[in-house]
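Chemist: Submitted below is the structure of interest, expressed as C-alpha cells.
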Amino acid sequence: KAGVTQTPRYLIKTRGQQVTLSCSPISGHRSVSWYQQTPGQGLQFLFEYFSETQRNKGNFPGRFSGRQFSNSRSEMNVSTLELGDSALYLCASSFGTAGNTIYFGEGSWLTVV
Amino acid sequence: DAKTTQPTSMDCAEGRAANLPCNHSTISGNEYVYWYRQIHSQGPQYIIHGLKNNETNEMASLIITEDRKSSTLILPHATLRDTAVYYCIVRVAGGAQKLVFGQGTRLTINP
C-alpha cells in the first residue's frame, strides 16, 4: 500500500516568489494536514483539510494557504516567500475520524534564497 | 490538547531495551497518547498509541500508568537504526487531525 507522497522533494526559490507543494494521501484517506518544520520552531501545524474543506488552521500568516481536491489530493501554497519560510514541509493523511492514526510523507525541503 | 514533557536526550546500548518516559499530567479522559519518531529529518514515523491499556505492536510497547499521567515507550531490543528523535503526543479523540509536537527526546543507540 503506497504511503503519503509529496512532490517535489527539494526545491529552491527566491525571496518574493511563490511556491506550490503537492501531497497525495494514502488511498482511502480523506483528511490531509500540513506541517512546517524548522530548526528554531520545530514541527508546527499549518492546516487540515477534510472533504475539500479546511477544518483546522494553525497560527500562520495568510501567505500560507492550501486546498484539497475531490480525490483528496492536496496542495499548499506559500506566496511572497521570505527567507524564514525555508523549512521542511510535511504532509500527513488519515481517515479523518476519531482516534485514527495520522501518517506522514517524507516532506518537501524548501530553501528560500 | 494536553502538554507533554520528555527528557531532551537519552542514550542506550545496542541490544538493550530503550525506555523513553513521557509525562502528561494534564491529560483528559478522552485523550490518546501517541508516539512518533523522526530519523534524519525524514517524515515522522508512527510507532504506537494507546488510551488506557498497555499496547504492544511489532515496533514497541507502550505502558500507560493507571492514573494516565505518564507513559513509557519501550523498544525491546534497540538497534542503531532506532537512533532518532521520539515524540510523545497527547491527542484528543475527536475529529481534529492535528498533532502538537514538543521537542521530543533525542535517543542515541550506541554500539
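A short reminder: the numbers here are calculations on the coordinates, not readings from a lab. This is a predicted model, so every value here is computed, not measured. Please note: Cβ atoms are built from the backbone with ideal geometry, for glycine as well, and neighbour counts cover all protein chains shown.
Chemist: Counting DSSP beta bridges in chain B, what percent are antiparallel, to the nearest 5? Intermediate results must be reported in sequence, preceding the final value.
Modeler: Values: 29 of 34 bridges.
Around 85 percent of the beta bridges assigned by DSSP in chain B are antiparallel ones.
Chemist: Anything over 20 Å Cα to Cα? Flag those among A:Lys57/B:Lys52; A:Lys57/B:Lys69; A:Lys57/B:Lys98, in the order listed.
Modeler: Working: A:Lys57/B:Lys52 29 Å; A:Lys57/B:Lys69 28 Å; A:Lys57/B:Lys98 9 Å.
Listed pairs above 20 Å: A:Lys57/B:Lys52; A:Lys57/B:Lys69.
Chemist: Please report how far the C-alpha centroid of segment B:23-57 lies from that of segment A:38-63, rounded to the nearest whole angstrom.
Modeler: 20 Å
Chemist: Check chain B for me: any Cys whose beta-carbon has no other cysteine beta-carbon within less than 4.7 Å?
Modeler: When partners are defined as cysteine Cβ atoms under 4.7 Å apart, chain B leaves B:Cys12 without one.
Chemist: Based only on other Cβ atoms within 10 Å, what is the fewest-to-most ordering of A:Trp34, A:Trp109? Walk me through the numbers on the way to the answer.
Modeler: Values: A:Trp34 25, A:Trp109 16.
Fewest-to-most Cβ neighbours within 10 Å comes out as A:Trp109, A:Trp34.
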